[in-house]
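**Q** Here it is, the structure, as structure tokens.
The values are calculated or read from the model by the stated rules, or taken from the named source; none is laboratory data. Keep in mind the model is a prediction, meaning the values are calculated, not measured. A quick note on method: Cβ atoms are made from the backbone with ideal geometry, for glycine too, and the neighbour counts reach across all protein chains shown.
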Amino acid sequence: MNTTLRSTTALAVALGLLGGPALADMEAARAFLDAEIGDVSTLTREEQEAEMQWFIDAAQELQGMDINVVSETITTHEYESQVLAPAFSEITGINITHDLIGEGDVVERLQVQMQSGQNVYDAFVNDSDLIGTHWRYGQARNLTEWMAGEGADVTSPTLDLEDFIGTQFTTGPDGNLYQLPDQQFANLYWFRYDWFNDDKNKADFEEEYGYELGVPVNWAAYEDIAEFFTGRDLSHMGIDQDIYGNMDYGKKDPSLGWRYTDAWMSMAGMGDTGEPNGLPVDEWGIRVNENSQPVGACMARGGATNSPAAVYAVDKAIEWLQNYSPPAAAGMTFSEAGPVPGQGNIAQQMFLYTTFVAPLVDSPAVMNEDGTPKWRLAPSPHGVYWEEGMKVGYQDVGSWTILDSTPTDRAKAAWLYAQFVTSKTVDVKKSDVGLTFIRESTINSDHFTDRAPKLGGLVEFYRSPDRVRWSPTGTNVPDYPKLAQLWWQNIGDAMSGAKTSKEALDQLCADMESVMSRLERAGVQGDLGPVLNEERDPEYWLEQPGAPKPALENEDEEPQTVSYDELVQSWQ
């Protein structure tokens with residue numbers, strides 16, 4: 001467990017949760033600030049107390065309510081559930097239960113509430129990947145209207161939406177905010193900086209491959225590096241483990257779908273140019289018309305989910321998983337594979353969800369004694385079908401979402417909690433624990449200037465203008481819960497060898513179009529829902545500019561690497 005979470009018991013004692021009567025209101029707030037926040041905040045102590053006083057006052061008429069919220073289980077949310085929720089309850093008198101479950105389960109519970117109209121949870125932290133779903137169905141509270149209307153009396157004057165770095169991803173095409181960012185993390189290339197800068201490794205690599213060992217710019221270089229390090233003898237560096245040049249996961253599990261929808265396909269070059277998402281064809285291979293209505297996913301309707309670039313993307317992932325990864329990786333899920341680089345025998349990973357940086361800094365095998373990392377983070381390389389102007393990577397924006405089916409008083413109480421855990425008072429400390437930045441002020445704080453050398457490029461990335469190029473799933477996806485489950489089920493068939501990549505992707509795009517066809521017939525999304533194109537010979541679409549793209553005669557490319565230190569300078 002992260003060392004900061006061990007402060008939970010001390011905080012509970014300070015707040016009176018363990019033995020004796022609980023403190024009340026401002027006394028509880030001061031105890032919380034003393035025990036947990038201190039000067040790890042962008043606010044002065046006076047400003048912190050003023051912000052806490054506002055929460056106390058705003059909660060007066062809601063005291064005694066029992067509110068239930070839910071999020072996936074990552075370090076940031078563990079901190080919220082174990083530390084911030086009890087503090088909020090004591091400070092405001094609103095009793096918060098913050099449940100932690102798997103991400104797939106969060107989406108399932110959200111779907112149940114949307115379909116039944118029953119109030120399962122008062123608020124969800126769910127990915128902004130669902131923005132297309134929320135915008136089309138109209139079942140999530142429009143926060144822009146909420147803050148100006150029913151929720152005005154419980155909207156903090158210090159919320160400062162302009163300070164949030166991810167609201168562009170939680171805003172619908174109508175310009176309205178539907179979700180409030182709570183945590184963000186990107187998929188970045190991860191590698192052993194110490195191994196890459198070792199003189200013997202550098203000399204041996206250049207002798208074998210004819211170019212310098214460095215951060216791979218394209219997949220050809222990534223593959224060479226994976227081959228070079230897999231099975232390499234690193235005894236000259238005092239390492240006696242079996243070494244692997246790639247880390248990934250392949251179990252048929254909901255998280256396998258994220259592995260591909262979370263920008264792997266766009267990194268390969270499957271979709272169209274356009275940032276933050278390809279247009280008209282996005283990173284799921286879904287094409288939309290000029291009214292943002294989905295018109296197809298298969299090549300026969302102008303989509304790209306089963307295109308040559310998509311087949312290439314899945315083929316490469318399977319090849320690298322089989323040839324350059326630990327044998328157990330094929331049977332792992334996202335959460336099982338995430339900590340593996342921390343064991344010290346992985347040379348590189350095509351993309352690491354940076355939510356796993358927090359446990360990495362607690363892993364002695366990949367950290368120096370002075371607290372600096374043996375690894376670094378960099379932009380992920382791109383595939384042979386990729387072209388300038390395309391999406392370069394994925395960024396998760398877990399965001400507070402309150403559905404219309406939640407009664408107004410419960411929605412107000414949940415909204416107060418959502419603002420508390422994202423407030424400037426607590427955000428630097430929460431970010432210190434989970435390393436999932438949401439506020440510009442936090443990223444640019446003196447605290448993270450001091451901590452940056454120990455985080456391997458994470459702070460430099462989030463301070464760079466490049467960060468906005470890493471984006472979540474966009475609005476082309478009309479129903480995330482229904483479509484996302486099709487990915488892991490079909491890709492799983494390719495990973496297991498039950499089908500070829502092409503066969504699995506043909507089935508995937510057909511399944512997605514089946515769901516979109518049902519949505520079209522039902523008319524539940526009105527003028528925003530799918531209107532599928534008529535099928536025609538895929539060659540028609542392959543001859544048009546953009547995606548879907550015809551197969552390249554040669555999918556090999558000239559490998560290219562770059563110096564990490566030069567790359568980081570470009571972020572400054």
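**Q** So, of the residues in the range 31-44 that are among the β-branched types (Val, Ile, Thr) and either without any contact (Cβ under 8 Å) to a residue 40 or more places away in the chain or part of a loop (DSSP other than H, G, I, E, B) (or both), which turns out to be surrounded by the most Cβ atoms within 10 Å (Cβ to Cβ)?
**A** Kept after step one, since they are among the β-branched types (Val, Ile, Thr), are these residues of the range 31-44: 37, 40, 42, 44.
Subset that is either without any contact (Cβ under 8 Å) to a residue 40 or more places away in the chain or part of a loop (DSSP other than H, G, I, E, B) (or both): 40, 42, 44.
Details: Val40: 16, Thr42: 19, Thr44: 10.
The extreme case among them is Thr42.
Each row is one residue, and each column tells you yes or no for (1) assigned to a helix (DSSP H, G or I); (2) on the phi > 0 side of the Ramachandran plot; (3) surrounded by fewer than 19 Cβ atoms within 10 Å (Cβ to Cβ).
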{"position": "Asp194", "(1), (2), (3)": "yes, no, yes"}
{"position": "Phe205", "(1), (2), (3)": "yes, no, no"}
{"position": "Glu223", "(1), (2), (3)": "yes, no, no"}
{"position": "Asp233", "(1), (2), (3)": "no, no, yes"}
{"position": "Asp240", "(1), (2), (3)": "no, no, yes"}
{"position": "Asp248", "(1), (2), (3)": "no, no, no"}
{"position": "Asp272", "(1), (2), (3)": "no, no, no"}
{"position": "Asn277", "(1), (2), (3)": "no, no, no"}
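**Q** Does the range 392-435 hold any residues that are closer than 25 Å to Ile91 by Cα and of a type in the set (Val, Ile, Thr), and which are they?
**A** The answer is Thr401, Ile402, Thr406, Thr408, Val421, Thr422, Thr425, Val426, Val428, Val433.
**Q** Scanning the range 325-336 for residues that are of a type in the set (A, V, I, L, M, F, W, C) and modelled with pLDDT of 95 or more, which turns out surrounded by the fewest Cβ atoms within 10 Å (Cβ to Cβ)?
**A** Narrowing the range 325-336 to residues of a type in the set (A, V, I, L, M, F, W, C): 328-330, 332, 334.
Still in the running and modelled with pLDDT of 95 or more: 328-330, 332.
Working: Ala328: 11, Ala329: 22, Ala330: 16, Met332: 22.
The extreme case among them is Ala328.
**Q** Just to be sure before I move on: is Ser423 surrounded by fewer than 22 Cβ atoms within 10 Å (Cβ to Cβ) and among the polar types (S, T, N, Q) in the structure I sent?
**A** Values: surrounded by fewer than 22 Cβ atoms within 10 Å (Cβ to Cβ): no; among the polar types (S, T, N, Q): yes.
Spelling it out, it is not the case that Ser423 is surrounded by fewer than 22 Cβ atoms within 10 Å (Cβ to Cβ) and among the polar types (S, T, N, Q).
**Q** Any residue in the range 111-122 that is under 18 Å from the mean Cα position of the chain (by Cα), within 24 Å of Gly166 (Cα to Cα) and touching a residue at least 60 places away in the same chain (Cβ under 8 Å)? Before you say what the answer is, go through the steps one by one.
**A** Initially, the range 111-122 is screened for residues under 18 Å from the mean Cα position of the chain (by Cα), giving none.
The answer is no, given that none of the residues of the range 111-122 is under 18 Å from the mean Cα position of the chain (by Cα), within 24 Å of Gly166 (Cα to Cα) and touching a residue at least 60 places away in the same chain (Cβ under 8 Å).
**Q** Does Val106 count as among the aliphatic types (A, V, I, L, M), buried (at least 18 other Cβ atoms within 10 Å of the Cβ) and over 22 Å from Lys424 (Cα atoms)? Explain how you work it out, then say what you get.
**A** Working: among the aliphatic types (A, V, I, L, M): yes; buried (at least 18 other Cβ atoms within 10 Å of the Cβ): yes; over 22 Å from Lys424 (Cα atoms): yes.
Judged against the criteria, Val106 is a match.
**Q** Considering only residues that are in a strand (DSSP E or B) and not aliphatic (A, V, I, L, M), look in the range 45-76 and name the one that is nearest to the chain's Cα centre (by Cα). Spell out the reasoning first.
**A** Of the range 45-76, the ones in a strand (DSSP E or B) are 66-72.
Narrowing the set further to residues that are not aliphatic (A, V, I, L, M) leaves 66, 68, 71-72.
Numbers: Asp66: 30, Asn68: 23, Ser71: 13, Glu72: 11 Å.
The qualifying residue nearest to the chain's Cα centre (by Cα) is Glu72.
**Q** Take the conditions touching a helix residue (DSSP H, G or I) at 6+ places or on another chain (Cβ under 6 Å), under 23 Å from Glu388 (Cβ atoms) and either of a type in the set (S, T, N, Q) or buried (at least 17 other Cβ atoms within 10 Å of the Cβ) (or both) and apply them to Val515. Does it pass?
**A** Answer is no for this residue.
Quick grid of which residues meet (1) under 17 Å from Glu283 (Cα atoms); (2) in contact with a Lys or Arg (Cβ under 9 Å, 6 or more places away or on another chain); (3) assigned to a loop (DSSP other than H, G, I, E, B); (4) of a type in the set (Ser, Thr, Tyr):
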position	(1), (2), (3), (4)
Glu460	no, no, no, no
Thr475	yes, yes, yes, yes
Leu486	yes, no, no, no
Ile491	yes, yes, no, no
Leu508	yes, no, no, no
Arg521	no, no, no, no
Asp527	no, no, no, no
Leu532	no, yes, yes, no
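**Q** Separate question: For Val83, state whether it is under 26 Å from the mean Cα position of the chain (by Cα), of a type outside the set (Phe, Trp, Tyr), at pLDDT 95 or above and over 24 Å from Asp362 (Cβ atoms). Outline the logic, then answer.
**A** On the way: under 26 Å from the mean Cα position of the chain (by Cα): yes; of a type outside the set (Phe, Trp, Tyr): yes; at pLDDT 95 or above: yes; over 24 Å from Asp362 (Cβ atoms): no.
Here the answer is no, as Val83 does not meet what is asked.
**Q** When the residues of the range 315-348 are filtered to those that are among the polar types (S, T, N, Q) and part of a helix (DSSP H, G or I), which remaining residue is nearest to Arg192 (Cα to Cα)? Even if it seems obvious, please write down each step before you answer.
**A** If we filter the range 315-348 for residues that are among the polar types (S, T, N, Q), which is where we start, we get 322-323, 325, 333, 335, 343, 345, 348.
Subset that is part of a helix (DSSP H, G or I): 322-323, 335, 343.
Numbers: Gln322: 21, Asn323: 19, Ser335: 21, Gln343: 12 Å.
So the residue we want is Gln343.
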